[in-house]
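This report concerns only the one structure given below.
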Amino acid sequence: MENNNTFVSTDTTAKTEQLLRKACIHSVESFGSVDGPGIRFIIFLSGCKMRCRYCHNPDTWTMKCDDLRTADELLQQALRFRAYWGKEGGITVSGGEALLQIDFMLELFEKAKALDINTCLDTAAQPFTREEPFFSKFTKLMSFTDLVLLDLKHIDSEEHKRLTGWANENVLDCARYLSQLQTPVWIRHVLVPTITDNDTYLYGLRDFVKTLHNVKRIEVLPYHGMGAFKWQKLGLNYTLDHIDSPTRTRVENAENILRSALNDV
Ligand code: SF4
């Protein structure tokens, strides 16, 4: 009887561990060309706690686990496209917010590096904290990460909260920590008229980026409302209907300001 109980308990633990090692996948893209260098296999994980008012993918917010996959399964699928990656390409994990499934990320990127695959994490850093156990896991994850695409939504914390539902102190702290680790970073910033397209905020962001020593590129992403239909489909209230995309002049203005942060790097 005792033996039987022990058996049941061990079996359950093994099953739980196996389940924990599976990721809740939203979707995959075989030939991504905008999320990191070269051609990349992109894995979009489910779940995000931010509520960015311009989010293109509100269908990723809920941690839906209809499609559960192991790191090995995903790597096997990704490797079918290796011939197209060239010197620069590889895999990118995006979301949703990939760091919500950090245990899976650790296994995936550790195994990817063992296969000499270039690894890129696309994150808005909302889950970042120096508290344990997250902090040690994040530090270890960065040792297997070639590039972080860090979405800085707004330099002003109050405005960040209005835009995403969350303050930005931990996001900026994540950026500083990545600089300390010397993990290469591309910063991405969505330019939204009346919200982020404001020279005071752009110079503020530029000054912050200047304090970092690991930023290789800054991408300005012009706002567009093409994701609005997804909000409507989900019965959500899209609040940026009245906002147009920024003009080419304003995009260039933002690029000039932000990229001046890299002049001294
Ligand atoms: S962090 Fe990304 S997925 Fe999450 S709400 Fe913002 S834009 Fe959407």
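Here the extension length gained between residue 252 and residue 31 equals 76.8 nm, from 0.36 nm per residue of separation less the Cα-Cα distance. Among DSSP bridges having both ends in the chain, what percentage is antiparallel? Round to the nearest 5. Here the share of antiparallel DSSP bridges comes out near 25 percent. Distances between placed amide hydrogens fall under 5 Å for residue 95 paired with 45, all partners being 5 or more residues away or on another chain.
Helical content of the chain, expressed as a calculated mean residue ellipticity at 222 nm, amounts to -12000 deg cm²/dmol (DSSP H runs of 4 or more residues, -39,500 (n - 2.57) each, divided by residue number, nearest 500).
How large is Rg over Rh for the chain, taking Rg from the Cα atoms and Rh as the Kirkwood inverse mean of 1/r across Cα pairs? Walk me through the numbers before you get to the answer.
On the way: Rg = 19.7 Å, Rh = 19.6 Å.
Radius of gyration relative to Kirkwood radius: 1.00.
For the range 238-248, putting each phi into the Karplus relation 6.51 cos²θ - 1.76 cosθ + 1.60 with θ = phi - 60° gives couplings of 7, 9, 10, 3, 7, 9, 8, 5, x, 6, 4 Hz, in residue order, rounded to whole numbers and with x for Gly and Pro. Considering only 258, 81, 114, and ranking their Cα positions along the charge dipole of the chain that arises from unit charges at the beta-carbon of Lys, Arg, Asp and Glu, the one farthest toward the positive end is 81. One Cα centroid belongs to the range 102-163, the other to the range 220-251; the line between them spans 26 Å.
3J(HN,Hα) couplings calculated from phi for the range 85-90 with the Karplus curve 6.51 cos²θ - 1.76 cosθ + 1.60 (θ = phi - 60°) are, in sequence order, 6, x, 6, 9, x, x Hz; Gly and Pro show x.
About the Cα centre, and with charges only on the beta carbon of Lys, Arg (+1) and Asp, Glu (-1), how big is the dipole of the chain? Nearest 20 debye, please. Numbers along the way, then the final one.
On the way: 31 positive and 35 negative charges, 66 e Å.
For the chain, the charge dipole is close to 320 debye.
Partnerless cysteines in the chain, where a partner means another cysteine C-beta under 4.7 angstrom, comprise 48, 120, 174. Within the same chain, lysines fewer than 8 places from residue 216 are excluded, and of the rest, those with a Cα less than 23 Å from its Cα are 87, 113, 140, 153. Scalar couplings 3J(HN,Hα) for the range 143-155, obtained by applying the Karplus form with A = 6.51, B = -1.76, C = 1.60 to θ = phi - 60°, are 6, 10, 10, 7, 8, 10, 8, 9, 7, 9, 7, 7, 6 Hz; x denotes Gly and Pro.
Bear in mind that the values in this text are calculations on the coordinates, not laboratory data. On a predicted model such as this, the values are computed, not experimentally measured, just so you know. Note that each Cβ is placed from the backbone with ideal geometry, even for glycine, and that neighbours are counted across all protein chains shown.
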